[in-house]
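The values are calculated or read from the model by the stated rules, or taken from the named source; none is laboratory data. Note that the structure is predicted; figures quoted are calculated from it, not measured. Quick reminder, even Gly has a Cβ in these numbers, built from the backbone with ideal geometry, and neighbours come from all protein chains shown.
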Amino acid sequence: MNAEPVLSLSLKRNRFGSRLCCLILCVCSICILLRPAAAFDLVAPFKDPLKSSPDELENGSVLPGDTVPVACSVDRDFRAPLPLETAVDAALCNNPRIKSTWAAIKVQAGAVGEARAAYLPTVSGTVTGMHSSTRYVSSNSSSTTDGFTLYGAANWRLFDFGGRGANRMAADQLLTAALASHHATLQKTLADVVQAYFDAQTAKAAYGSKEISEAIALQTLETARRREEKGAGAVSDTLQAATAHSRARLEKSRAQGNYRKSLSLLVFAMGIPAHTTISLADDLYDTRSPDSRELEAWLEETRKQHPAIMAAKAQLDAARNKVESARSEGLPTLDLTANYYQNGYPGQGLQPTQTQTYTVGLALTVPLFEGFSRTYKIRGATAQAEQRVAELQEAEQNILTEVVKAYADVTASLQNLQASDSLLQTAKAALASSQRKFDKGAADVLEMLNAQSALADAGQERIRCLSEWREAKLRLMANAGRLGRTAITPDSSAK
């Protein structure tokens, strides 16, 4: 007697399960078939529909004074002598801090998109396949229903007392801060690698100077030995020359060690494997001043365009907008809502008859009491804005102080560089004169050794002044926010 209803119920359940499985398989098949096309045709228009990503993410960052962004090639040949621009490109492409700030721009661009999306309506829909079974105990009967319920909802905020506008402006300003922070990191990385490159060039020049001093000391020693063999010189002269030669060899060995150490630091600054062997190109330098303007002009330009100061200003503006956003959250909001229900409501069972229900309305939400949380949130946002003011003042003070120091160092180091060149030329002439006199026996070994020592000191002063000039010039341009690849490339015509 009861076998037929049970069999009927089982068949209905199987049909319902079969229909649901077929629906799922059809949806999956369509997704798989459309996946290649979606990657090129369907998804592309929705990657950035609100245009929140800045052009820099698409085109790359361009340093001050440059016209194109840095090109990061896959392979670089470091077997040839390394020019400065190649070292700079490698560092800008491999530095992890640059990659981190680049990712921060993408993160903040997403936040801008979220803030802009708050002005658009939201639409959602739900489809539910249901099997409903009801058993009546009193009559020992049951009924079953198979079907689908549909639910759709749309919501559009019409008015909110400026909360969305404040959030959008704050997101835009934080994106500006992220871009400025990226530029500041680029310039910091550029300054670091250029400093490491110049330090290596200075160490190379010092090593070359010590090689020359060692060769001159060896030549003096050989001359002293010949004079001793001929009876024209004393043994003490030969011993003094040998001592000077040994000292020159020691100083050459130390200079070689410093040069190798500086190359290792340069490799680290470039972000390439530590085992990479590099050699430096010829030491080209220029004596051009970075700018002939007065100090006040440098300070004014730094206030306007230094990326770190710009980032601090943008963060301050964002913090002020956060205060307005916190205040607006405690004010009324007005939303337009629309809903559609078919065959039932969410959270309820399937209705035995097909129904369709539409609702449209305006929802006015008035916050009445939130346990004083809004008060403290506004106070916290206000305190953060005050903190950003202090951070901006500190950033300006620190950067402008460095500009003042670098400007004074540039002026002094350029004069020292010119004086060191005159000293070096005079020392070379004095050594040549003493060497001619020593070869003819008209001068003793002390005069010759003094001339050698004077030339070595002059060479060291020349190298030191050149290093100070490069460092001061670099610091001035970096602290002013004007450092780019074009500015740091040495002038090949300079001697």
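A few remarks follow.
- Leading residue by the ranking (modelled with the lowest pLDDT) among those in region 57-90 that are surrounded by 17 or more Cβ atoms within 10 Å (Cβ to Cβ) and under 18 Å from the mean Cα position of the chain (by Cα): Val70
- Subset of region 290-339 that is acidic (Asp, Glu) and under 29 Å from the mean Cα position of the chain (by Cα) - its residue that is farthest from Leu120 (Cα to Cα): Asp291
- Tally of residues being without any contact (Cβ under 8 Å) to a residue 60 or more places away in the chain and either over 28 Å from the mean Cα position of the chain (by Cα) or more than 17 Å from Arg475 (Cβ to Cβ) (or both) across region 386-411: 6
Yes/no matrix, rows are residues, columns are (1) surrounded by 12 or more Cβ atoms within 10 Å (Cβ to Cβ); (2) under 30 Å from Arg247 (Cβ atoms); (3) in contact with a strand residue (DSSP E or B) (Cβ under 9 Å, 6 or more places away or on another chain):
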| position | (1), (2), (3) |
| --- | --- |
| Ser373 | no, no, no |
| Glu396 | yes, no, no |
| Ala412 | yes, no, no |
| Ser422 | no, yes, no |
| Asp444 | yes, yes, no |
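- Any chance Thr359 is part of a loop (DSSP other than H, G, I, E, B), assigned by TED's automatic domain parsing to the domain that holds Gly125, of a type outside the set (D, E, K, R) and under 30 Å from Gly147 (Cβ atoms): no
- All positions within region 91-125 that are of a type in the set (Val, Ile, Thr) and either surrounded by 13 or more Cβ atoms within 10 Å (Cβ to Cβ) or under 17 Å from His182 (Cα atoms) (or both): Ile98, Thr101, Ile105, Val107, Val112
- Any hit, region 204-222, residues being touching a strand residue (DSSP E or B) at 6+ places or on another chain (Cβ under 6 Å) and in contact (Cβ under 8 Å) with a residue 60 or more places away in the chain: yes
- Here is the figure for region 336-352: residues that are among the small types (Gly, Ala, Ser) and either without any contact (Cβ under 8 Å) to a residue 12 or more places away in the chain or buried (at least 17 other Cβ atoms within 10 Å of the Cβ) (or both) total 2.
- Take the conditions (1) assigned by TED's automatic domain parsing to the domain that holds Gly459; (2) surrounded by fewer than 20 Cβ atoms within 10 Å (Cβ to Cβ); (3) among the polar types (S, T, N, Q); Asn140 misses just one of them, which is (1).
- Residue in region 146-166 that is in a loop (DSSP other than H, G, I, E, B), under 37 Å from the mean Cα position of the chain (by Cα), assigned by TED's automatic domain parsing to the domain that holds Pro307 and closer than 30 Å to Thr355 by Cβ present: no
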